[in-house]
Every structure is written in C-alpha cells, then in structure tokens.
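S.K.: Here it is, the structure in full.
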Amino acid sequence: MILNIQQLQVREQLCVDIDACQCDLPSDIGKIVVPIHLEAAVSKFEKEVTIEGRIATTVEMSCVRCLKLHHEVIDDLFEVIYRPRIETEKQSDEIELDETDLNVSYYEGESISMATLLRDQILLLLPVKPLCKPDCAGLCPSCGQDLNEGPCPCSKDTLDPRLAGLRQLLKEEGSAK
C-alpha cells in the first residue's frame, strides 16, 4: 500500500488489513502469521505528513532460551512524522536529537510506503529477547534437553574451567577455618 502525498486531504482515516506477505520481516527475527490490522489517522500540513494510529498482528518467533516457536501478539499505538528528504540534506552531519525527533522519518518523491512503515513499527514493538513464557528454563548446556520438560541427567557439579582457581581458593579458605 502506497500513500500518495499529493492526493492526501488535510486529514484522512485509514482502516485496513494488510496481507503479511506485503510486509516481510527478516527470517531470523520471525514470521507474521496473521494479517496486519491498521487503524490510523493521516494528517498533512504542507509537506509534512503525520500518521498516528494502532497496529495489531501476531508474529511467530523462536524463544531465545529453549528455541521453541511461540506467538508474540502485537497491539500498540504509534505515531510517525514524515518529512521530505530534501530538508535533511541541508543540515550538517552532526545533529543533536531530542525526544521529539525519535518518531521522525523521511520520504523521497511523492509517496510513502505503508509496508515499510508497518515493518518498522512491528520491529520496534517486538521484544529484543523473546521468551515462550517468562520463567522459561531453557536448554541444558551439556546435553541440550529442554529443562521446561524436567531435569536432565547431567551432573550439576560441572564447573567452568575458568573458575577452577576460584574453587581452589574457596576450598583453602574453608579448610583454614
């Protein structure tokens, strides 16, 4: 979906469902599994376009601890201000940003890609370290068993060889008392 800036009215309402294949995420992050629902108000003032609204979808991701696939539900508000790219070329290389600049993007030509906007918003809303459940136990580092399904037969007394010196100090201190 493309917004043509010249055809925009002063304020328009959007309510659309966009097919997930139009807004692909990088495969190592996840896969959108339901259509993306977008409700937004689009405002135009001179060459500046403001899009504010709500985005909702579901993304299938791998848990960072146990690697099981799970669904992350996204349903959140957003606001993005688009300005023409020409304005940014006049500014110097070193710019001090404030909080209001964090939701500013730039467009070239006379159109804004809604697929790019949606992909960017989804990426911002996804967790950095997705978990299948908050108390996920993960995998055993020795045998790889899923610790959510129960304990593994591995010895719990295994020590990282880099800590062997510390273990020796603790034994010496314990025997000196």
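The values are calculated or read from the model by the stated rules, or taken from the named source; none is laboratory data. Not measured: the values here are computed from a predicted model. A quick note on method: Cβ atoms are made from the backbone with ideal geometry, for glycine too, and the neighbour counts reach across all protein chains shown.
S.K.: Run L97 past the list (1) aliphatic (A, V, I, L, M); (2) over 17 Å from the mean Cα position of the chain (by Cα); (3) at pLDDT 90 or above and report the number of the one that doesn't hold.
M.R.: With (1) aliphatic (A, V, I, L, M); (2) over 17 Å from the mean Cα position of the chain (by Cα); (3) at pLDDT 90 or above applied to L97, the lone miss is (3).
S.K.: Can you name the number of the only condition in (1) touching a helix residue (DSSP H, G or I) at 6+ places or on another chain (Cβ under 7 Å); (2) at pLDDT 85 or above; (3) not assigned by TED's automatic domain parsing to the domain that holds K47 that A115 fails?
M.R.: The failed condition is (3).
S.K.: State yes or no: is C152 surrounded by 14 or more Cβ atoms within 10 Å (Cβ to Cβ), among the hydrophobic types (A, V, I, L, M, F, W, C) and not assigned by TED's automatic domain parsing to the domain that holds Q6? Explain how you work it out, then say what you get.
M.R.: Values: surrounded by 14 or more Cβ atoms within 10 Å (Cβ to Cβ): yes; among the hydrophobic types (A, V, I, L, M, F, W, C): yes; not assigned by TED's automatic domain parsing to the domain that holds Q6: yes.
Against the criterion (surrounded by 14 or more Cβ atoms within 10 Å (Cβ to Cβ), among the hydrophobic types (A, V, I, L, M, F, W, C) and not assigned by TED's automatic domain parsing to the domain that holds Q6), C152 qualifies.
S.K.: Further question: How many residues are of a type in the set (S, T, Y) and loosely packed, with under 15 Cβ neighbours inside 10 Å if we restrict to the range 49-89?
M.R.: Residues that pass the stated criteria total 1.
S.K.: Restricting attention to the range 28-48, which residues are loosely packed, with under 13 Cβ neighbours inside 10 Å and in a strand (DSSP E or B)?
M.R.: Of everything in the range 28-48, just one residue is loosely packed, with under 13 Cβ neighbours inside 10 Å and in a strand (DSSP E or B), namely F45.
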